[in-house]
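**Q** The structure is given below, and queries will be raised subsequently.
The values are calculated or read from the model by the stated rules, or taken from the named source; none is laboratory data. Remember, predicted model here, so these are calculated numbers, not experimental data. We place every Cβ from the backbone using ideal geometry, glycine too, and count neighbours over all the protein chains shown.
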């Protein structure tokens, strides 16, 4: 059995850790409120952007445009959004597992555009080629940064360096629910509902002045919007995950402190009992 000194030292260490986790929980809670409001305000726009563009292209018939056809290259660009810091439960590992578990994303055919050092480090260790490290973006996401990254990825796509573009991030559903999501951006894929509507309608989408100029404007805005929407949701998910992780750590520390307090009291009781027994035995021997 551990001595009272060991128990007291361990209890003090856990109490110090508990103070840290409690402070981190409070900080994450404040950050979560700001990030949550931002995500809830911007999320409808990006959802409708995705639905509108895919529906529009499904009704456009066959269009010969660089953004809409799969490139000859077997390389795939994957924009992976994680965080620069840990202590967020399974937030980072869930996104990484999502990428690793996707059969279509063979490491030798993938170019990773990493937003977040945790994802970059994990995928680099597993043999993925890191094409670009844009980890600084996740600290304070702005639309201009998303647009700049979009331009670089689309340049690689139109030049034939890559044939597909994917986005891996964490969808913010609510404070306690965060869903790792892998989305294929280009070439655009249509769901069954869009294809059925397109087949039922005899009217194709008309473009003015012409389809090439229109798509040159629409597709970059579509991809940029999804990049930025994913960044906003990822920040909210990260702070939500960290808040939950720190809350659990604080609760676990409280349970350990209670257990150690009980053990300390038992050890102290045993020590007092032993001393009394020795005193009584000594007194009896003298008399």
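**Q** In the set 204, 183, 195, which member is in contact with a helix residue (DSSP H, G or I) (Cβ under 9 Å, 6 or more places away or on another chain) and modelled with pLDDT of 65 or more?
**A** 183
**Q** Can you find even one residue in the stretch 25-43 that is in a loop (DSSP other than H, G, I, E, B) and in contact with a strand residue (DSSP E or B) (Cβ under 8 Å, 6 or more places away or on another chain)?
**A** Looking for residues that are in a loop (DSSP other than H, G, I, E, B) and in contact with a strand residue (DSSP E or B) (Cβ under 8 Å, 6 or more places away or on another chain), one finds none in the stretch 25-43, hence no.
**Q** Looking at 77, 134, which is the one that is modelled with pLDDT of 90 or more, assigned by TED's automatic domain parsing to the domain that holds residue 183 and within 13 Å of residue 164 (Cβ to Cβ)?
**A** 77
**Q** Moving to a separate point now. Six or more apart or on different chains, Cβ atoms under 8 Å: show the pairs whose first residue is in the stretch 112-134 and on the phi > 0 side of the Ramachandran plot and whose second is surrounded by 22 or more Cβ atoms within 10 Å (Cβ to Cβ) and in a strand (DSSP E or B).
**A** Between residues of the stretch 112-134 that are on the phi > 0 side of the Ramachandran plot and residues that are surrounded by 22 or more Cβ atoms within 10 Å (Cβ to Cβ) and in a strand (DSSP E or B), the close pairs are 116/80; 116/81.
**Q** Give me a count of the residues in the stretch 127-141 that are closer than 9 Å to residue 231 by Cβ and in a loop (DSSP other than H, G, I, E, B).
**A** 1
**Q** Provide a single number: the residues in the stretch 101-121 that are surrounded by 13 or more Cβ atoms within 10 Å (Cβ to Cβ) and within 18 Å of residue 178 (Cβ to Cβ).
**A** 4
**Q** Any residue at all in the stretch 62-78 that's surrounded by 15 or more Cβ atoms within 10 Å (Cβ to Cβ) and closer than 25 Å to residue 240 by Cα?
**A** Within the stretch 62-78, one or more residues are surrounded by 15 or more Cβ atoms within 10 Å (Cβ to Cβ) and closer than 25 Å to residue 240 by Cα.
**Q** Confirm whether residue 74 is over 18 Å from the mean Cα position of the chain (by Cα) and assigned to a helix (DSSP H, G or I).
**A** So residue 74 does not fit the description; no.
**Q** Across the stretch 105-126, what is the number of residues that are assigned to a helix (DSSP H, G or I) and within 18 Å of residue 166 (Cβ to Cβ)?
**A** Looking only at that region, the number is 8.
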